[in-house]
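The structure under discussion appears below in the form of structure tokens.
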Amino acid sequence: PMGATVNTVVQRVVGLHATASKTPYLSLLARVPNFARKDLGSALYDDRSLARIRCVRKTVYIHSANRLAVVYAATGATVAKASENYMIYRGISLADYELLSERIMKMLAGNPLTAAQVKASLATDKDVSAVLYYMCDSGLLLRDRPLGGWLDRQHRYALLAEVYPDLDLHALSDKDAVAVLVKDYIAAFGPVTGSDIVWWTGLGKI
């Protein structure tokens, strides 16, 4: 629509699927007049009006910063449990996680790094990526700026509290957050069926 911007589109469609690097750019190209690649990068990394978060169906989305608390409260428990199970499958115990995550938090303070850089600094043979995924999905870290160009799959990790110091991920109960998220989905895509809602949220019957 005329007058649409990166931020208004992300808000209206309840987030952009962003597991693949190209997908959100293509989504915006189809919806925003005169869209340029730098527009999304600016919103994500300069204005901080948008951010990546793993949420519905345990997939990575780009959401408005003002919706992060909603999607985290609604889906965070399911997403974090999946990350925890994957981490344990990769041979990292919860005791290992406590030690590694504490070191990673100190390492990333004011200093966003890639997974490879974190692993090199830790000098560990553990699967650092699995730890970083769990930290992101637990609300500690943010998937941040890519190392290279816009298609680079290597991105830096930053402390969520540093990037969004005023964000309270626990401002809503999971029940209230699910209600808000479902209402937003219906407003964006309705009319929808109950099965549509179950599939889109990935939360099962609500």
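The values are calculated or read from the model by the stated rules, or taken from the named source; none is laboratory data. These numbers come from a predicted model, not from an experiment. Methodologically, a virtual Cβ is constructed for each residue, glycine included, from the backbone with ideal geometry; neighbour enumeration extends over all protein chains shown. Note: accessible area is taken over every heavy atom of the protein model, side chains too, but ligands, DNA and RNA are not part of it. Shrake-Rupley method; radii C 1.70, N 1.55, O 1.52, S 1.80 Å.
Below is a table of values for the structure above.
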read-out	value
Computed lengthening from Leu147 to Lys175, 0.36 nm per intervening residue step minus Cα-Cα distance	6.4 nm
Label-reachable residues, the range 79-103, where backbone N falls under 18 Å from a point 7 Å from Leu122's Cα toward its Cβ	80-103
Size of charge dipole - the chain - debye, nearest 20, with Cβ of Lys, Arg +1 and Asp, Glu -1, no other charges	560
Phi-based couplings in Hz for the range 20-37 (Karplus 6.51, -1.76, 1.60; Gly and Pro marked x)	8, 4, 6, 4, x, 5, 5, 4, 6, 4, 6, 10, 10, x, 6, 5, 10, 3
The range 32-141 - Kirkwood radius from inverse mean 1/r over Cα pairs (Å)	15.2
Top of Ser49, Ser129, Ser195 by mean-square fluctuation, Gaussian network on the chain, Cα under 10 Å	Ser195
Cross-link pairs beyond the 29 Å C-alpha cut-off, checked among Lys22/Lys58; Lys22/Lys106; Lys81/Lys119; Lys58/Lys126; Lys126/Lys205; Lys38/Lys81	Lys22/Lys106; Lys126/Lys205; Lys38/Lys81
Two-decimal Rg/Rh across the range 10-66, once Rg and the Kirkwood Rh are taken from alpha-carbon atoms	0.93
Average accessible area per residue (Å²) across the range 1-90 - probe 1.4 Å, nucleic acids and ligands excluded	46
Gain in span if fully extended, Gln154 to Asn111, counting 0.36 nm per residue against the direct Cα distance	13.9 nm
Top positive-direction residue, dipole computed over the chain with Cβ charges, set Ile53, Gln117, Pro33	Pro33
Farthest positive-ward along the chain dipole, Cα basis, beta-carbon charges - from His155, Val70, Val131	His155
Kirkwood Rh in Å, taken over all unlike Cα pairs in the range 117-206	16.2
Listed residue (Leu181, Pro191, Ala171) projecting farthest to the positive dipole end of the range 157-206, Cβ model	Pro191
Within the accessible area of the range 40-173 (1.4 Å probe), percent carbon and sulfur	52
The chain - Kirkwood radius from inverse mean 1/r over Cα pairs (Å)	17.8
The range 109-206: trypsin sites (Lys or Arg not before Pro) in DSSP coil with no more than 11 other Cβ atoms inside 10 Å	Arg153, Lys205
Heavy-atom accessible area per residue - the range 128-206, 1.4 Å, Å²	56
Alpha-carbon gyration tensor eigenvalues x 5, square-rooted, for the range 81-124, Å	20, 11, 10
Centroid-to-centroid separation of the range 29-53 and the range 185-206 [C-alpha atoms, Å]	26
Cα centre as origin, Lys/Arg/Asp/Glu Cβ charges: the range 1-53 dipole, Debye	120
Where Glu84, Glu98 fall by accessible area, highest first, once all protein chains stay in place (1.4 Å)	Glu98, Glu84
